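Every read-out reported here was derived from the displayed coordinates using simple, explicitly stated rules and does not represent laboratory data. Just so it is clear, the structure is predicted and the values come from calculations on it, not from any experiment. Heads up, the Cβs are rebuilt from the backbone with ideal geometry, glycines too, and the neighbour counts pull from every protein chain shown.
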Amino acid sequence: MADLSIRDLVKRYDKTQVLHGISLDVEDGEFVVFVGPSGCGKSTTLRMIAGLEEITSGEVSIAGRLVNNLEPKERDIAMVFQNYAIYPHMTVRKNIGFGLRTAKMPRADKERRIDEVAVILGMTDLLDRKPSQLSGGQRQRVAIGRAMVRDPAVFLFDEPLSNLDAQLRTQMRLEIKKLHQRVGNTIIFVTHDQVEAMTMADRIVIMKDGHIQQVGTPSEVYHSPANTFVARFIGAPSMNMLPGVVEDGGKIWLDSGTEVTLNTAAKPGQAVVLGVRPEDLYPGDGPALVRGPVLVREPLGAETLIYVGREGDEVIAKADGRTPPEVGEEVTLTAALENLHVFDAETGEALR
Amino acid sequence: MAVTEEIRPNADALLHAAPPRRPANLGQILRWTLLFLGGIAMVMPIAYMISTSLKWPHEVYNLQLIPDEPHLENYTYVLEDGRFYGWFINSIVIAVVTTVSNVLFDSLVGYTLCKFRFPGRYIVFIAILSTLMIPTEMLVIPWYLMSQQLGWLDTYWGIMFPGLMTAFGTFLMKQFFETVPDDFIEAARIDGLNELQIWWTVAMPLVKPALAALAIFVFLGNWTAFIWPLIVTNSVEMYTLPVGLSSFGDEADVAWELIMTGAAISTIPTLVVFLIFQRYIIQGVVMAGLKG
Ligand SMILES: Nc1ncnc2c1ncn2[C@@H]1O[C@H](COP(=O)(O)OP(=O)(O)OP(=O)(O)O)[C@@H](O)[C@H]1O
Ligand SMILES: [Mg+2]
């Protein structure tokens, strides 16, 4: 039995449709991350699961129970918001306990539960403070504590880390992941940061314009992107895209004038795009995918990123950290054939 | 060595040096003059109120600020006059009840208009706002006729009913609830509170400064209200303080010294209310200044 199941979820505001039939099954205890560019409908989906947004059509079931017509509080969920939504006029203890306000349990049990959560989050010393006396990270922890205290079937997070600075974000990322391993509840986590998605998720759901583009483990979406959008969205710097045409015998004639022989499902004459990640593209012998001068170098220490080709049409490749080619030097870039991705140039769908 | 000695500033000289004098510019002079005049304009009526309350009747029209023979007879007279207490109690009851009523109901309506999407919401808001444009003087007669029909003349209810809710208060609270993030409300909804609980435990504490300001406005407005209480009351026992005070003296002469004495005493509750609530206003400003 799937813990959370979404069927053909549609959302329409007056005339504009923002979700076009989303379907997804989430296993019990799974950590699923929704990722996608701004405005793609991640928050809307999450809020429909939470019951904060009306469902235009489709079904949401939690723990095998259809929840479409249930109030948020009856859905056995908890949500953590981007700007924490912890109440400035209440102490940390009150804030964490707020999730238990309407729970029918003895006061002593509630207090014990709050203390347990505070221990897990390392906030025992801060229980009597007001939110204004906390740092951003601590505030976010209070918000998480308030969700945890109710031990819901599903945790919903809507970009909970985007108000934190980079270092704290990395730290909280790890903490949330550890927390998940410890408490084991199902988590749906929304972000527009693909690094967050890759590092935290059991499975990633990539969305665009109200459609799901691909669902898969971080490794799947990275190594076998379903289309050019996913290919370019996941991984930084983005995947290079080299246009070409399929010839007889599985050969692909690139616009740059090189021929690559690949095992692809593409039909002869079809326009395709060859995708290759910067980390898979390097100066060396082998099929020459790109030839051109080095425009810019970005030393990262262990390796150096080089931008090669014509201005405005350059590709990014990875060169050695110690002896990278000089700026202006002509280089030939190559890649292992198994690291090449082929997409239909028109639809963007992966062809192998 | 010698060089450092020379450079080191002479602490003594610094301590005793006159502060640098900046020539006052014209704008500054103008500002101070205006503020000074404004201050005088504010203080004079209060000064005259107190001064008059210390005068004998024959001195009242002698406009000097310091009475020739200041005395407290007027205070003894007013405080010993049984009617004064009755009016005082009437005014307190009316001002407190209307204040509580406005704080509760203006904010309930303001909250609803601000945080709920329902058909006709905008029309309701405009309808409420438009009542702001009708002056009290125009409403007094319909109110009176209505009170007469309903038997509300000469009752607390009759005095209070027009002010139990105000369009201004509703508007004010709606604007302030805009500053409460929707996330706060949705988080509480997920935590299982019903809408009334959310309003009371989440939204209301977050707009305390606005509530304090509203409370001060409403209290002062009702404490000093004159025309409607004058019209709707008949018996001396039902008078409010301002109506009662104006009745001091007889047809031939107005007893200004007694009116001013009563007025001086009646400022005390307004001061108390202000002192209680201004703390919240200042707190609110401080809280708003903190990020997050
Ligand atoms: N009340 C509304 N009325 C009309 N359109 C809306 C409304 N709320 C959201 N939308 C639209 O729905 C789309 C999806 O919004 P949503 O908030 O789900 O995006 P998101 O993926 O969470 O983006 P972000 O990363 O910026 O938070 C957007 O195009 C937005 O303009
Ligand atoms: Mg969003």
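Given the convex hull of the Cα atoms of segment B:55-194, what is a quarter of its surface area in nm²? Can you show the working numbers first?
On the way: hull surface 60.7 nm².
Result: 15.2 nm².
FRET efficiency for the pair A:Ser23 and A:Leu70, taken as 1/(1 + (r/R0)^6) with r the Cβ-Cβ distance and R0 = 25 Å, rounds to 0.80. Sorting the Cα pairs of segment B:26-71 by distance into bins of 5 Å, from 0 upward, gives 5, 22, 21, 13, 12, 10, 8, 6, 3, 0 percent per bin.
Placing pseudo-labels 7 Å out from each Cα toward the beta carbon at B:Asp182 and B:Leu30 gives an inter-label distance of 4.7 nm. The distance separating the Cα centre of segment A:68-131 from that of segment A:253-312 comes to 52 Å. Rounded to whole numbers, the Karplus 3J(HN,Hα) couplings from phi for segment B:65-71 are 6, 9, x, 5, 10, x, 7 Hz, using 6.51 cos²θ - 1.76 cosθ + 1.60 with θ = phi - 60°, and x at Gly and Pro. Sorted from longest to shortest, the spans of the Cα atoms of segment A:150-277 along the three principal axes equal 62, 29, 26 Å.
Using R0 = 22 Å, the C-beta based FRET efficiency linking B:Ser235 and B:Asp81 works out to 0.85. Amide H contacts under 5 Å for A:Met207: A:Val35, A:Gly36, A:Gln213, restricted to partners 5 or more places along the chain or on a different chain, H placed in the peptide plane at 1.01 Å from N. Each label point was placed 7 Å from the Cα along the Cα-to-Cβ direction; for A:Arg112 and B:Leu196 their separation is 3.3 nm.
Note on segment A:237-344: the C-alpha convex hull projects to 6.4 nm² when averaged across all orientations. For segment B:108-214, the list of trypsin sites (Lys or Arg not before Pro) that fall in a loop by DSSP and count at most 13 other C-beta atoms within 10 angstrom reads B:Arg117.
With +1 on each Lys and Arg Cβ and -1 on each Asp and Glu Cβ, how big is the dipole of the protein assembly as shown about its Cα centre, in debye rounded to the nearest 20?
840
For the Cα trace of segment B:138-292, dividing Rg by the Kirkwood Rh returns an Rg/Rh value of 1.10. For trypsin sites (Lys or Arg not before Pro), the sites in segment A:1-91 that DSSP calls loop and that have at most 14 other Cβ atoms within 10 Å are A:Lys15. For helix A:107-121, report the angle its Cα long axis makes with the longest principal axis of the Cα atoms of chain A; keep it between 0 and 90° and round to the nearest 10°. Its long axis makes an angle of about 30 degrees.
Taking 8 Å as the Cα distance limit and 6 or more residues as the minimum spacing, I'd like the relative contact order of chain B as a percentage. It would help to have the intermediate numbers written out before the result.
Details: 263 pairs, mean separation 81.7, N = 292.
About 28 percent, as a whole number.
Between amide H atoms placed 1.01 Å from N, distances below 5 Å from A:Arg277 occur with A:Asn240, all of them 5 or more places distant or on a separate chain. Once the convex hull of all Cα atoms in chain A is built, its volume per residue stands at 169 Å³. Once the GluC sites (Glu not before Pro) in DSSP loops with at most 16 neighbouring Cβ atoms within 10 Å are cut out of chain B, the longest remaining piece is B:1-177. Short-range pairs are left out: with C-alpha atoms under 8 Å and at least six residues apart, the relative contact order of chain A is 15 percent.
Taking a threshold of 27 Å on the Cα-Cα distance, which of the pairs A:Lys15/A:Lys208; A:Lys110/A:Lys177; A:Lys11/B:Lys115; A:Lys208/B:Lys115; A:Lys104/A:Lys178; A:Lys110/A:Lys130 fall above it?
Correct reply: A:Lys208/B:Lys115; A:Lys104/A:Lys178.
Each of B:Tyr77, A:Tyr307 has some number of other Cβ atoms within 10 Å of its Cβ, and from fewest to most they run B:Tyr77, A:Tyr307. Of the residues A:His211, A:His192, the one with the fewest other Cβ atoms within 10 Å heads the list, and the complete ranking is A:His211, A:His192. A viscosity of 1.567 mPa s and a temperature of 4 °C, combined with the Kirkwood radius over C-alpha pairs in the Stokes-Einstein formula, give chain B a diffusion coefficient of 55 µm²/s. For the protein assembly as shown, the residue among A:Gly39, B:Phe226, A:Gly58 whose Cα projects farthest onto the positive side of the dipole built from Cβ charges is B:Phe226. By the Cα gyration tensor, segment A:2-81 has an equivalent ellipsoid whose semi-axes, rounded to whole angstrom, run 19, 15, 12 from largest to smallest.
Converting phi to 3J(HN,Hα) with the Karplus coefficients 6.51, -1.76 and 1.60 and the offset θ = phi - 60°, segment A:87-99 yields 7, x, 8, 10, 5, 4, 4, 5, 4, 5, x, 4, x Hz in sequence order, with x at every glycine or proline. The order of B:Leu129, A:Leu164, B:Leu26, going from fewest to most other C-beta atoms within 10 Å of their C-beta, is B:Leu26, B:Leu129, A:Leu164.
Helical content of the protein assembly as shown, expressed as a calculated mean residue ellipticity at 222 nm, amounts to -13500 deg cm²/dmol (DSSP H runs of 4 or more residues, -39,500 (n - 2.57) each, divided by residue number, nearest 500). Residues in segment B:187-204 carry Karplus couplings, in order, of 4, 5, 5, 5, 6, x, 7, 7, 4, 5, 5, 4, 4, 6, 8, 10, 6, 4 Hz; the curve used is 6.51 cos²θ - 1.76 cosθ + 1.60 with θ = phi - 60°, and Gly or Pro positions show x.
Computed with the Debye formula from one identical point scatterer per Cα of the protein assembly as shown, without solvent, the log10 of I(q)/I(0) at q = 0.05, 0.12 Å⁻¹ comes to -0.45, -1.22.
Residues whose amide H falls under 5 Å from that of A:Phe157, counting only those 5 or more places apart or on a different chain, are A:Val80, A:Ile188, A:Phe189, A:Val190, with hydrogens built in the peptide plane.
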